[in-house]
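Right, one structure below, let's go through it.
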Amino acid sequence: MFLQRTIRKKVKVKGIGLHTGEPAGLAFRPAPPNTGIYFVRSDLPGSPAIAASARYVQATTLATSLGGPAFSVSTVEHCLATLAAFRIDNLFIELDGPEIPIGDGSAYPFMEALLGAGLVEQEEPRKYAYITQPIFYGDGEKHAYVVPYNGLRLTCTIEFPHPRIGKQKIDLDVNEPSFARELSRARTFGFMKDVEALRAKGFARGGSLDNAVVLDNQDILNPEGLRFQDEFVRHKALDALGDLVTLGMPLMGHLVLYKAGHDVLNRLVRKILESTDSYRHIELGAGLPEAVGAGLDSAWGFR
Ligand SMILES: [Zn+2]
């Protein structure tokens, strides 16, 4: 049976915020079984907390933010993607400001910190949302859907009319080794022509070649080049995995995305939550056909 997980001890990550450009730090802290994932604004009076839930997603233009009228937490997706891949169900993420540190623009610093703290299994079984029928959300040509699958699989396609990007596609079973190898180091990216406009609106003030792949009209400006030839689609897959955590329970299904950003993902997650006849809650190893459990074990690299 798959048990819930948290981390063994508190661990910190320091850096700057991508949009504010201000110093931003966080601490991952273990949480009891059945807590879920919470962001805690330790810098504010009373240390208000907010769950990583689709109902609190409020801004999806450039990054995923969670919040309400009084406070918010932004750029949560790279951190959340790491939790999804390493099956961390219960965690407090304590912040000393409104933004998660951007690190190098990938999920790598979070993975390093969490694995450094160590993962521990808890006494309660993990409860999955097991997709039983397709659920679709589309907005023009952008779309996203989930179909039944014994595991977590992600297929992501992007198309940008840029000589260094074009059409890129990735398809993978998401597990700890595949995340570490294929997705964790893929960096966020942006276009130089958008930077001035973004900065005027208060975004991307901390953005630099140290924490993003930046492109002009023809080429990549980073002197070190790309980490993968298709780093762009890998990063979009990473973002999607993070946004999926706002479902509030681990997904068992195949997620397929075409040109889908944070906005489309948030709509799909909300639609999944409303489609209660298209998924059921399962605990792995309890009530699942034997073949499904066996397939999942091997797909996730546990055998
Ligand atoms: Zn991202």
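Counting only residues that are touching a residue at least 24 places away in the same chain (Cβ under 8 Å) and away from the ligand (no atom under 16 Å from the Cβ), which one in segment 215-225 is surrounded by the most Cβ atoms within 10 Å (Cβ to Cβ)? Out of the qualifying residues, it is 220. Considering only residues that are out of contact with any helix residue (DSSP H, G or I) (no Cβ under 6 Å at 6 or more places or on another chain) and part of a loop (DSSP other than H, G, I, E, B), look in segment 226-247 and name the one that is farthest from the ligand (Cβ to nearest atom). Going through the qualifying residues, I end up with 229.
Among the residues of segment 183-194, those identified as out of contact with any Lys or Arg (no Cβ under 6 Å at 6 or more places or on another chain) and within 16 Å of the ligand (Cβ to nearest atom) are 184, 187, 188, 189, 190, 191, 194.
Specify the residue that is nearest to the ligand (Cβ to nearest atom); the eligible residues are those in segment 248-271 that are within 17 Å of residue 156 (Cβ to Cβ) and assigned to a helix (DSSP H, G or I). Break it down into steps so the answer makes sense when it comes.
Pass one, segment 248-271, residues within 17 Å of residue 156 (Cβ to Cβ): 251, 253-269.
This time we only want the ones that are assigned to a helix (DSSP H, G or I), so: 262-269.
Working: 262: 8, 263: 13, 264: 14, 265: 11, 266: 14, 267: 18, 268: 17, 269: 16 Å.
Top of the filtered list is 262.
Say whether the condition of being buried (at least 18 other Cβ atoms within 10 Å of the Cβ), polar (S, T, N, Q) and either within 18 Å of residue 182 (Cα to Cα) or in contact with a Gly (Cβ under 9 Å, 6 or more places away or on another chain) (or both) is met by at least one residue in segment 118-125. Can you show your working first?
Looking only at segment 118-125, we keep the residues that are buried (at least 18 other Cβ atoms within 10 Å of the Cβ), and these are 122.
Filter again for polar (S, T, N, Q), leaving 122.
Restricting the remaining residues to those that are either within 18 Å of residue 182 (Cα to Cα) or in contact with a Gly (Cβ under 9 Å, 6 or more places away or on another chain) (or both) gives none.
No, because not a single residue in segment 118-125 is buried (at least 18 other Cβ atoms within 10 Å of the Cβ), polar (S, T, N, Q) and either within 18 Å of residue 182 (Cα to Cα) or in contact with a Gly (Cβ under 9 Å, 6 or more places away or on another chain) (or both).
For residue 164, the conditions (1) under 30 Å from residue 92 (Cβ atoms); (2) of a type in the set (D, E, K, R); (3) part of a loop (DSSP other than H, G, I, E, B) are fulfilled apart from (1).
Taking segment 8-24 on its own, how many of its residues are under 18 Å from the mean Cα position of the chain (by Cα) and at pLDDT 95 or above? Residues flagged as under 18 Å from the mean Cα position of the chain (by Cα) and at pLDDT 95 or above within segment 8-24 amount to 1.
Rundown of residues vs (1) farther than 29 Å from residue 273 by Cβ; (2) in contact with a Ser or Thr (Cβ under 9 Å, 6 or more places away or on another chain), yes/no style:
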site: 54; (1), (2): no, yes
site: 61; (1), (2): no, no
site: 65; (1), (2): no, yes
site: 91; (1), (2): no, yes
site: 98; (1), (2): no, yes
site: 104; (1), (2): yes, no
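If I filter segment 138-190 down to residues being under 21 Å from residue 229 (Cβ atoms) and among the hydroxyl-bearing types (Ser, Thr, Tyr), which single residue comes out as surrounded by the most Cβ atoms within 10 Å (Cβ to Cβ)? Out of the qualifying residues, it is 188.
Scoring residue 204 on the criteria (1) more than 19 Å from residue 99 (Cβ to Cβ); (2) modelled with pLDDT under 95 leaves a single failure, condition (1).
Residue check: is residue 97 more than 13 Å from the ligand (Cβ to nearest atom) and surrounded by fewer than 18 Cβ atoms within 10 Å (Cβ to Cβ)? Break it down into steps so the answer makes sense when it comes.
Details: more than 13 Å from the ligand (Cβ to nearest atom): yes; surrounded by fewer than 18 Cβ atoms within 10 Å (Cβ to Cβ): no.
So residue 97 does not fit the description; no.
The values are calculated or read from the model by the stated rules, or taken from the named source; none is laboratory data. A quick note: this is a predicted structure, and the numbers were derived from the prediction, not measured. Virtual Cβ from ideal backbone geometry, glycine too; neighbours counted across all protein chains shown.
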